[in-house]
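> There's a structure below that I have some questions on.
The values are calculated or read from the model by the stated rules, or taken from the named source; none is laboratory data. Computed from a prediction, not measured in an experiment: that's the story for all the values here. Please note: Cβ atoms are built from the backbone with ideal geometry, for glycine as well, and neighbour counts cover all protein chains shown. Calculation scope for accessible area: heavy atoms of the full protein, side chains included, ligands and nucleic acids excluded. Shrake-Rupley method; radii C 1.70, N 1.55, O 1.52, S 1.80 Å.
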Amino acid sequence: MVASTVAPLSFLLISYVSHSFPLTSLLRSSSGLRFSFPVSPLYSRNTKYMAHTVAGATLGLTQPVNIEHPKISFAAKEIDAVEWKGDILAVGVTEKDMTKDEKSKFQNSVLKKLDGLLGGLLAEVLSEEDFTGKAGQTAVLRLPGLGSKRVGLIGLGLAASSPAAFRGLGEAVAAAAKTAQANSVAIVLASSEGLSNESKLSAASSIASGTVLGIHEDNRYKSESKKPQLKSVDILGLGTGPELEKKLKYAEDISSAIIFGRELVNSPANVLTPAALAAESSKIASLYSDVLSANILTAEQCKELKMGSYLGVAAASANPPYFIHLCYKPPSGPIKAKLALVGKGLTFDSGGYNIKTGSGCSIELMKTDMGGSAAVLGAAKALGQIKPPGVEVHFIVASCENMISGTGMRPGDIITASNGKTIEVNNTDAEGRLTLADALVYACNQGVEKIVDLATLTGACIVALGPSIAGVFTPSDDLAKEVFEASEVSGEKFWRMPLEESYWESMKSGVADMVNTGGGQGGAITAALFLKQFVDEKVQWMHIDLAGPVWNDKKRVATGFGVSTLVE
């Protein structure tokens with residue numbers, strides 16, 4: 001079922017140049033706390049190994065460009081916004097903040113003071129620009145009379161209280177800074193008086209994270225690109241102190257992990273092969289070897305574990321499969337919980353003999369079919385930095401390609417998973433669930449209490465929930481509660497879907513235990529029901545279908561979806 005020649009991972013790692021990610025520098029001053037955030041955690045030497053495959057050179061001679069990423073220095077200050085000096089003073093405003101009195105004067109104290117110093121010009125120009133504070137509105141004005149060269153107003157909608165809203169503020173500020181080629185920015189909320197201390201800490205963290213994510217551009221594969229100029233961001237009026245320091249450090253770790261996940265998904269399949277993904281995983285473990293260990297299984301080792309479902313998918317590719325298992329253990333203290341995060345790791349999916357054809361098949365985007373594994377490995381990187389106590393986490397990815405060749409899996413073939421269950425393959429393009437089947441069995445064998453799997457599994461989930469929301473399937477209300485509480489902090493969007501057991505009838509085979517696809521209806525549900533067959537009943541399990549939100553179709557780049565919720 002697999003190619004007879006399998007290159008050992010050690011061969012691939014010969015080209016790896018060891019390194020460590022830049023550490024955040026923390027400077028204390030009378031004005032508050034200052035952090036220096038790396039815009040991207042990946043140097044080209046971090047991905048240089050990708051230029052080497054089993055054959056010796058990547059297809060198309062493509063190598064990531066060496067980019068020196070700038071750092072953004074964040075400072076939390078308690079100074080009056082009108083006293084700040086720099087390139088852009090960005091003010092986050094709600095629609096209520098834009099309310100004026102009978103004399104057309106702002107009632108909000110921050111806007112009133114700014115408009116007073118500008119002789120009423122701010123209100124006049126904003127009125128002409130029809131700026132009302134609606135979410136998504138941005139007005140950057142070059143007005144004389146302030147210490148800042150420009151004043152930027154960012155609309156927050158009716159109210160701003162969620163992490164997603166504050167992260168969006170940071171992203172909007174980053175976009176304005178790019179356009180203006182600004183070096184320095186200050187961010188202030190027009191109304192922060194009603195926020196609790198905890199809410200202020202969360203807002204500062206989300207603003208910082210959004211700014212870092214907004215300023216980042218993945219230009220590794222462009223022959224020419226502009227470098228962002230933003231070097232310093234001052235967050236005004238949201239406090240200072242050790243708690244804020246902790247929140248900003250957390251924002252750094254999360255942002256770094258999200259960008260890491262984005263860059264994995266953005267990397268093309270001729271560069272990010274299964275072997276390259278395995279090498280990237282090993283590097284994470286080596287960077288944080290005090291808490292992370294790696295076990296990378298070759299095809300032969302997977303065959304010994306009877307992973308016929310996974311190996312059947314991999315059988316057609318010239319690039320051998322690698323089964324990735326990272327394990328996080330806290331540096332000290334007892335382990336109170338054990339869980340597994342399982343990510344679908346198809347570095348390319350042609351559809352096999354049921355090849356993806358026709359309008360809407362998106363075969364050109366099938367490098368994104370490892371988006372689940374990117375979320376899982378991004379979470380591993382973040383946990384390696386954060387080092388949470390009391391929990392053991394297993395990160396599992398059955399990585400391979402779904403290609404076409406004389407050795408490939410055919411429609412009608414019957415394959416046997418590692419738990420002994422047989423599967424009649426009625427569609428080779430429903431391959432992700434076949435790889436996840438053996439990965440879920442393996443995860444259960446690690447003695448975990450909870451499993452969350454993430455996969456770009458079905459187009460049906462995109463039809464149901466659109467491009468921004470991931471579908472959640474689980475029989476466990478307790479696990480659902482945990483994950484949805486985490487998503488409220490992360491700002492990522494999930495929606496719980498039904499696990500309708502009666503739909504399993506469509507998944508029954510006449511000659512095997514099951515088929516791998518059901519009828520044309522309820523495809524995301526039947527896919528989840530398929531995965532459920534490979535999870536021990538004693539284990540709490542959740543399946544997340546992130547086929548929609550893993551990719552930003554407008555910008556044509558990966559989003560890093562899932563990382564922050566998993567870490568939470």
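> Using Cα pairs under 8 angstrom and six or more residues apart, how large is the relative contact order of the chain, in percent?
Working: 1310 pairs, mean separation 80.1, N = 568.
Averaging sequence separation for qualifying contacts and normalising by length gives 14 percent for the chain.
> Also: Distance check, please: which entries in LYS231/LYS338; LYS112/LYS226; LYS303/LYS356; LYS103/LYS149; LYS178/LYS249; LYS338/LYS532 exceed 31 angstrom between their Cα atoms? Let's see the in-between values first.
On the way: LYS231/LYS338 40 Å; LYS112/LYS226 37 Å; LYS303/LYS356 28 Å; LYS103/LYS149 28 Å; LYS178/LYS249 24 Å; LYS338/LYS532 19 Å.
Pairs exceeding the cut-off: LYS231/LYS338; LYS112/LYS226.
> Which percent, nearest 5, of DSSP beta bridges in the stretch 338-471 are antiparallel? Intermediate results must be reported in sequence, preceding the final value.
Values: 3 of 19 bridges.
In the stretch 338-471, DSSP labels about 15 percent of beta bridges as antiparallel.
> Cα atoms only, the stretch 169-249: Rg and Dmax in Å?
Final numbers for Rg and Dmax: 14.3, 48 Å.
> Related question: Hey, could you get me the Stokes-Einstein D for the stretch 311-358, Kirkwood radius over alpha-carbon pairs, 37 °C and 0.692 mPa s, rounded to whole µm² s⁻¹?
Rounded to a whole number, D works out at 226 µm²/s.
> At q = 0.10, 0.20, 0.22 Å⁻¹, work out log10 I(q)/I(0) for the stretch 425-568 with the Debye formula, treating every Cα as an identical point scatterer and leaving solvent out; two decimals please.
Here log10 of I(q) over I(0) equals -0.33, -1.31, -1.51.
> For helix 432-444, what angle does its Cα long axis make with the longest principal axis of the chain, in degrees from 0 to 90 and rounded to 10?
Tilt relative to the chain: about 90 degrees.
> Step by step: find N for the stretch 340-410, compute 2.2 N^0.38 Å, then divide the Cα radius of gyration by it. What's the final number? List each step's numbers first, then the result.
Values: Rg = 16.0 Å, N = 71, 2.2 N^0.38 = 11.1 Å.
So the Cα radius of gyration is 1.44 times the expected 2.2 N^0.38 Å.
> Over all distinct Cα pairs, what is the inverse of the mean 1/r for the stretch 516-568, reported as the Kirkwood hydrodynamic radius in Å? Intermediate values should be presented prior to the final figure.
On the way: mean 1/r = 0.0739 Å⁻¹.
About 13.5 Å for the stretch 516-568.
> Rounded to the nearest 0.05, what FRET efficiency is calculated for SER468 and LEU499 with R0 set to 30 Å and r the Cβ-Cβ distance? Let's see the in-between values first.
Numbers: r = 22 Å, r/R0 = 0.75.
Efficiency for this residue pair is about 0.85.
> Just from its helices, what would the mean residue ellipticity at 222 nm be for the chain, if runs of 4 or more DSSP H residues each count -39500 (n - 2.57) and the sum is divided by every residue, rounded to the nearest 500 deg cm²/dmol?
Per the formula, -9500 deg cm²/dmol.
> Nearest 5 is fine: what % of DSSP beta bridges in the stretch 432-568 come out antiparallel, could you say?
Beta bridges within the stretch 432-568, antiparallel portion: roughly 35 percent.
> Round to a whole angstrom and tell me the spacing of the C-alpha centers of the stretch 404-477 and the stretch 179-245.
38
> With a point put 7 Å past each Cα toward its Cβ, work out how far SER405 is from GLN521 in nm, to one decimal.
4.1
> Assuming a ≥ b ≥ c are the square roots of the Cα gyration tensor eigenvalues, decide whether the stretch 359-399 counts as rounded (a/c under 1.5), prolate (otherwise, with a/b larger than b/c) or oblate.
Working: a/c = 4.68, a/b = 3.16, b/c = 1.48.
Prolate.
> Keeping the other protein chains in place, figure out the carbon and sulfur percent of the accessible area of the chain, with a 1.4 Å probe.
On the way: 11840 of 23160 Å².
For the chain, the apolar C and S fraction of the accessible surface comes to 51 percent.
> Over the Cα atoms of the stretch 435-479, compute the convex hull volume and normalise it per residue, giving Å³. Intermediate values should be presented prior to the final figure.
Values: hull volume 4.2 nm³, N = 45.
Spelled out: Cα convex hull of the stretch 435-479, divided by residues, is 93 Å³.
> Another question about this same structure. Provide the FRET efficiency to the nearest 0.05 for the LYS538-ASP130 pair, computing r from the beta carbons and using R0 = 51 Å. Intermediate results must be reported in sequence, preceding the final value.
On the way: r = 59 Å, r/R0 = 1.16.
My answer for the efficiency is 0.30.
> Please sort by residue number the GluC sites (Glu not before Pro) in the stretch 423-486 whose DSSP state is loop and whose Cβ has at most 16 other Cβ atoms within 10 Å.
Working: sites: GLU424, GLU431, GLU449, GLU482, GLU485; in loops: GLU431, GLU449.
For GluC sites (Glu not before Pro) across the stretch 423-486 that sit outside H, G, I, E and B with at most 16 neighbouring Cβ atoms in 10 Å, the list reads GLU449.
> The stretch 109-171: which GluC sites (Glu not before Pro) are DSSP loop and have at most 15 other beta-carbon atoms within 10 angstrom? Could the numbers behind the result be given before it?
On the way: sites: GLU124, GLU128, GLU129, GLU171; in loops: GLU129.
Passing both the DSSP loop test and the Cβ count: GLU129.
> With 10 Å bins from zero, work out the P(r) of the stretch 399-502 over every alpha carbon pair and list the percent per bin.
11, 35, 37, 15, 2
> Relative to the first principal axis of the alpha-carbon coordinates of the chain, what is the inclination of helix 242-266, with its axis defined by its Cα atoms, in degrees from 0 to 90 and to the nearest 10?
The angle comes out at about 50 degrees.
> Quick check for you: which residues of the stretch 376-409 have the amide N under 16 Å from the point 7 Å beyond the Cα of ASP290 toward its beta carbon?
The answer is 381-390.
> Enter the angle in degrees (range 0 to 90, nearest 10) between the Cα long axis of helix 477-490 and the first principal axis of the Cα atoms of the chain, meaning the one along which they spread out most.
40
> Determine the shape class of the stretch 217-353: with a ≥ b ≥ c the square roots of the Cα gyration tensor eigenvalues, call it rounded for a/c under 1.5, and otherwise prolate if a/b is greater than b/c, oblate otherwise.
Numbers: a/c = 3.03, a/b = 1.43, b/c = 2.11.
Taking the square roots of the gyration eigenvalues as a ≥ b ≥ c, the stretch 217-353 is oblate.
> I would also like to ask the following. Can you pull out the GluC sites (Glu not before Pro) in the stretch 231-282 that DSSP calls coil and that have at most 14 other Cβ atoms within 10 Å?
Working: sites: GLU243, GLU245, GLU252, GLU263, GLU280; in loops: none.
In loop regions of the stretch 231-282 (DSSP not H, G, I, E or B), there are no sparsely surrounded GluC sites (Glu not before Pro).
> Give me the 1.4 Å probe accessible area per residue for the chain, excluding ligands and nucleic acids, in Å².
Numbers: 23160 Å² over 568 residues.
Per-residue value: 41 Å².
> Need one number: nm distance between label points at LEU117 and ALA159, each 7 Å from Cα along Cα→Cβ, rounded to one decimal.
Result for the modelled spin labels: 3.0 nm.
> Further question on the same structure: Taking only Cα atoms of the chain, what ratio of Rg to Rh do you get with Rh as the Kirkwood inverse-distance radius?
Values: Rg = 25.0 Å, Rh = 24.8 Å.
Rounded to two decimals, Rg/Rh equals 1.01.
> Which of the pairs LYS336/LYS481; LYS306/LYS336; LYS77/LYS222; LYS381/LYS481 have their Cα atoms more than 28 Å apart in this structure? Show your work: numbers first, answer last.
Working: LYS336/LYS481 19 Å; LYS306/LYS336 31 Å; LYS77/LYS222 37 Å; LYS381/LYS481 25 Å.
Violating the 28 Å Cα-Cα cut-off are LYS306/LYS336; LYS77/LYS222.
> While we're on this one: Cα gyration tensor of the stretch 337-489, axes a ≥ b ≥ c as square roots of the eigenvalues: rounded (a/c below 1.5), prolate (a/b > b/c) or oblate?
Numbers: a/c = 1.93, a/b = 1.50, b/c = 1.29.
Note, shape of the stretch 337-489 comes out prolate.
> Then there's this: If you split all Cα-Cα distances of the stretch 92-212 into 5 Å bins from zero, what percentages do you get per bin, shortest first?
2, 11, 22, 25, 21, 14, 5, 1, 0
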